[in-house]
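So that we are looking at the same thing, I have put the structure below in structure tokens.
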Amino acid sequence: MTSSTPSDFSGSILAEKLGKSYPMRLGVGSTQLKFNEVVTRQLARCFSPGQWGQKQGYFWALKDVSFEIHPGELIGLVGSNGSGKSTLLKVLAKVTKPTTGRAFLRGRVGSLLEVGTGFHPELTGFENIYLSGTILGMSRAEIAKNFDEIVAFSEIGPFLQIPIKRLSSGMAMRLAFSVAAHLNPDILLIDEALSVGDAGFQKKCIAKMQSFVASGATVLFVTHDIGLVNKWCKRVLLLDKGHLVEDGPALSVIPKYLQAANPVTTYRVQFEKNPLAEKTGLSLRELVVNSGEAVRHGLPFRVDVAFETLLPQQRLAFSIVLSSLDGTKLVSCDSDLPGEKISLEANRNYGISITMRRLDLSPGSYLLDVAFRQDDAISLDQRPGCVRVEVLPPEDDSYSPNLAASGTRPVFDWTLNPS
Amino acid sequence: MHEPSITIVSPEKTSLTQMGRDFFRYRDLLFLLIWREVSVRYKQTAVGIFWVVLQPMLSAIIFAVVFGLFVKLPSEGLPYLVFAYSGTIIWGLFAQGIDRASGSIVADEQLIKRVYFPRWIIPMASVGSTLIDFAICTLVLVVILLCYSIPLTWHLVFFLPAAILVFLLATALGLAIAALNAKYRDFRLLAAFGLQIFQFVSPVFYSFQNIANVRPDLLWLMYLNPMAGPIELFRLSVTGSSHFLMTGFATSLAVDLIVIVLCVRTFHTLEDDIVDTI
């Protein structure tokens, strides 16, 4: 089979029945088998004739995914954890080969599957700009041309000659993003990279992305942030268990995503282990909403979380966010807002609780995000939209539902002065 | 503006001709990764780049004292220090190249899981970085030759083919071991052990003259060692000596070619699976 480009391909990305399978025993998280385990397993096979010829199972991370994207589109890729979003980006970025199907990408492809790709901690910011830029696909001349702009964008100018291991993680990340933002590709693939960085910097990055799109480039980005998708993407792809189940305007796809992804209202959630726990050293275990009591407008709202540490933790912060079902963030509490950071020992179980003294949200349905992060940027474990919270009106009839025009209703005073 | 190129994503393997084209396309990245390896290696060291010369020099001195002074082995007419040092630096190009390459893909796991570039670049950059060490050591060798007032002959032209051959051999073995090591980390340990063993059967610190004197009938066996030929060719460029055995070199060269082809094919077979099995 030769892969000649189909003659009717005029778009930016064309995917034809893309599929990616992994042998079951490797799985996605790849639990590596030791050499002796393979040998003993093969031997065991020889001596148990019942298993002869039995093929090992395959896990399809991606199955029959087809779509076409046109130049100038900004497309959001959504789906629950393990739905194949990241695998799709990796296949399109040529990081891993598809098992079946083909895809065609017109022009230069830039992939940003993680912020800081190619950074080396021992090298200076100056050196890392060249290293990371080249790895991401820029030529030396291009980097030299854009160098001043990259430095200006990152806002770390004075620290350029310092090994980046001595910079704060936030600064290193800003620099990394700046390099990537100056790739100027025809197609940009982004995997949740926007979820890092402070709000101001995020805004800058979105503006940059939009200017790409305006100039005719195509952006395909994975995110859990429905608010972002709603605001910026005209078209959304929804993946579920490796299949492309929805492809259409954000307004029609997002409700389906929320329907599929949203948990039913519950007061207690047992979390699956954080897949990145080995790296981040922290995994949430359990969450209890409002000590199991009904959540009511005007009353305190409490969240208890149990978690374990695998590594020692420093400068830790815990936060909860309540969002509307379309993903707009409404209220949040951060444990580090009083300026206190948490430090913890490794390999222990902890519990943390946060109480809003008074819940001002109007009665209705909301999604609860809980997250642990380090400093301002690095997410250690985040569970966006893990619980659907039903806010009820207060038990005394002090709340008049007819007037619930806005999302929140704070405690307020008013005065009438005769003039 | 030229018509933008089209990237094709498919399950097919990258052809060997494409690998050749990639070599040209990704040369910037290759040189940058070599530079990264070199500049990171000696960061936060006190004597920095002197380590490059210190290592082979110290081992050459030790062997010169033991074999040259105490045991009094023949050394093809060279002062034993020159003999041992020349052997050490060409062996170092081979052994360090393989040693750095064998763990290279695993060390850059985060990189290859997140961005595409031809995978051979990483081990090749590791081997490439040893060329710089080798060049520095060679300059020191020239200084030593001048100090001993050893005349430089036309045989010096053999320096280049010997170095290229060793570089290719180390690159091929480095590629194969790095790819195998991505799946089973045993291979790196195996390589380190294998290199140690192979140094003893290679004419690094002693001359095959010794074997020719004792068991001439077994000499051919020694030349099945892929490094035997290149080391002797390298030393020929220094000594211009008549001890160079053409048939031995030819045997070794044939083994080299077989090893290179097998290793490149091994890498090519494993290349696509690296990212999924690492």
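Throughout, read-outs are computed from the coordinates displayed, never taken from laboratory work. Since the structure is predicted, the reported quantities are computational estimates derived from the model, not experimental observations. Quick reminder, even Gly has a Cβ in these numbers, built from the backbone with ideal geometry, and neighbours come from all protein chains shown.
I need a count of the residues in region B:167-205 that are surrounded by fewer than 21 Cβ atoms within 10 Å (Cβ to Cβ), more than 14 Å from every other protein chain (Cβ to nearest Cβ) and not hydrophobic (A, V, I, L, M, F, W, C).
Summing the residues that are surrounded by fewer than 21 Cβ atoms within 10 Å (Cβ to Cβ), more than 14 Å from every other protein chain (Cβ to nearest Cβ) and not hydrophobic (A, V, I, L, M, F, W, C) in region B:167-205 gives 3.
Residues are listed down the side, and each one gets a yes or a no for (1) assigned to a strand (DSSP E or B); (2) touching a helix residue (DSSP H, G or I) at 6+ places or on another chain (Cβ under 9 Å):
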residue: A:PRO338; (1), (2): no, no
residue: A:TYR350; (1), (2): yes, no
residue: A:THR355; (1), (2): yes, no
residue: A:VAL370; (1), (2): yes, no
residue: A:ARG373; (1), (2): yes, no
residue: A:PRO384; (1), (2): yes, yes
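Okay, next question. All but one of (1) within 12 Å of chain A (Cβ to nearest Cβ); (2) surrounded by 15 or more Cβ atoms within 10 Å (Cβ to Cβ) hold for B:MET19; which doesn't?
(1)
Would you mind finding the one in A:LEU167, A:LEU136, A:LEU112, A:LEU188 that is out of contact with any Asp or Glu (no Cβ under 9 Å at 6 or more places or on another chain) and within 10 Å of another protein chain (Cβ to nearest Cβ)?
Values: A:LEU167 fails: within 10 Å of another protein chain (Cβ to nearest Cβ); A:LEU112 fails: out of contact with any Asp or Glu (no Cβ under 9 Å at 6 or more places or on another chain); A:LEU188 fails: within 10 Å of another protein chain (Cβ to nearest Cβ).
Answer to the check: A:LEU136.
Looking only at region B:239-248, decide whether some residue is in a helix (DSSP H, G or I), touching a helix residue (DSSP H, G or I) at 6+ places or on another chain (Cβ under 8 Å) and surrounded by 18 or more Cβ atoms within 10 Å (Cβ to Cβ).
Yes; the residues of region B:239-248 include at least one that is in a helix (DSSP H, G or I), touching a helix residue (DSSP H, G or I) at 6+ places or on another chain (Cβ under 8 Å) and surrounded by 18 or more Cβ atoms within 10 Å (Cβ to Cβ).
Conditions tested, residue by residue: (1) at the interface with chain B (Cβ under 9 Å from one of its Cβ atoms); (2) of a type outside the set (Asp, Glu).
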| site | (1), (2) |
| --- | --- |
| A:THR87 | no, yes |
| A:LYS90 | yes, yes |
| A:THR99 | yes, yes |
| A:GLU142 | no, no |
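Please tell me if B:PHE208 is aromatic (Phe, Trp, Tyr) and surrounded by 18 or more Cβ atoms within 10 Å (Cβ to Cβ). So that I can check it myself, show each step before the final result.
Details: aromatic (Phe, Trp, Tyr): yes; surrounded by 18 or more Cβ atoms within 10 Å (Cβ to Cβ): yes.
Criteria met by B:PHE208.
Restrict the check to region B:37-46 and report whether at least one residue is buried (at least 16 other Cβ atoms within 10 Å of the Cβ), in contact with a Pro (Cβ under 6 Å, 6 or more places away or on another chain) and within 12 Å of chain A (Cβ to nearest Cβ).
No, because not a single residue in region B:37-46 is buried (at least 16 other Cβ atoms within 10 Å of the Cβ), in contact with a Pro (Cβ under 6 Å, 6 or more places away or on another chain) and within 12 Å of chain A (Cβ to nearest Cβ).
Now a separate question. Restrict the check to region B:99-121 and report whether at least one residue is within 14 Å of chain A (Cβ to nearest Cβ), within 14 Å of the chain's Cα centre (by Cα) and over 21 Å from B:VAL53 (Cβ atoms).
no
Please return the ranges of strands (runs of 3 or more DSSP E) entirely within region A:63-141 where 3 or more residues are of a type in the set (A, V, I, L, M, F, W, C) and in contact (Cβ under 8 Å) with a residue 12 or more places away in the chain. Write out each step before concluding.
Details: elements: A:74-78, A:100-106, A:109-112.
Result: A:74-78, A:100-106.
Any idea which of (1) within 14 Å of A:LEU380 (Cα to Cα); (2) in a loop (DSSP other than H, G, I, E, B) is the one A:LYS279 doesn't satisfy?
(2)
Given the criterion of a type in the set (D, E, K, R) and surrounded by fewer than 18 Cβ atoms within 10 Å (Cβ to Cβ), identify the matching residue among B:ARG265, B:ARG235. Please lay out each step first, then the result.
On the way: B:ARG235 fails: surrounded by fewer than 18 Cβ atoms within 10 Å (Cβ to Cβ).
Matching residue, one of B:ARG265, B:ARG235: B:ARG265.
Identify all residues within region B:30-59 that are in contact (Cβ under 8 Å) with a residue 60 or more places away in the chain and of a type in the set (A, V, I, L, M); write none if there are none.
Once the filter is applied, which keeps residues that are in contact (Cβ under 8 Å) with a residue 60 or more places away in the chain and of a type in the set (A, V, I, L, M), region B:30-59 yields B:LEU30, B:LEU33, B:ILE34, B:VAL38, B:ILE49, B:VAL52, B:VAL53, B:MET57.
Additional query: Quick check on my filter: what residues within region A:151-166 are touching a Leu at 6+ places or on another chain (Cβ under 8 Å) and not small (Gly, Ala, Ser)?
A:VAL151, A:ILE156, A:PHE159, A:PRO163, A:ILE164 - these are the residues of region A:151-166 that are touching a Leu at 6+ places or on another chain (Cβ under 8 Å) and not small (Gly, Ala, Ser).
When only residues in region B:69-81 that are in contact with a helix residue (DSSP H, G or I) (Cβ under 6 Å, 6 or more places away or on another chain) and assigned to a helix (DSSP H, G or I) count, which is surrounded by the fewest Cβ atoms within 10 Å (Cβ to Cβ)?
So the residue we want is B:LEU81.
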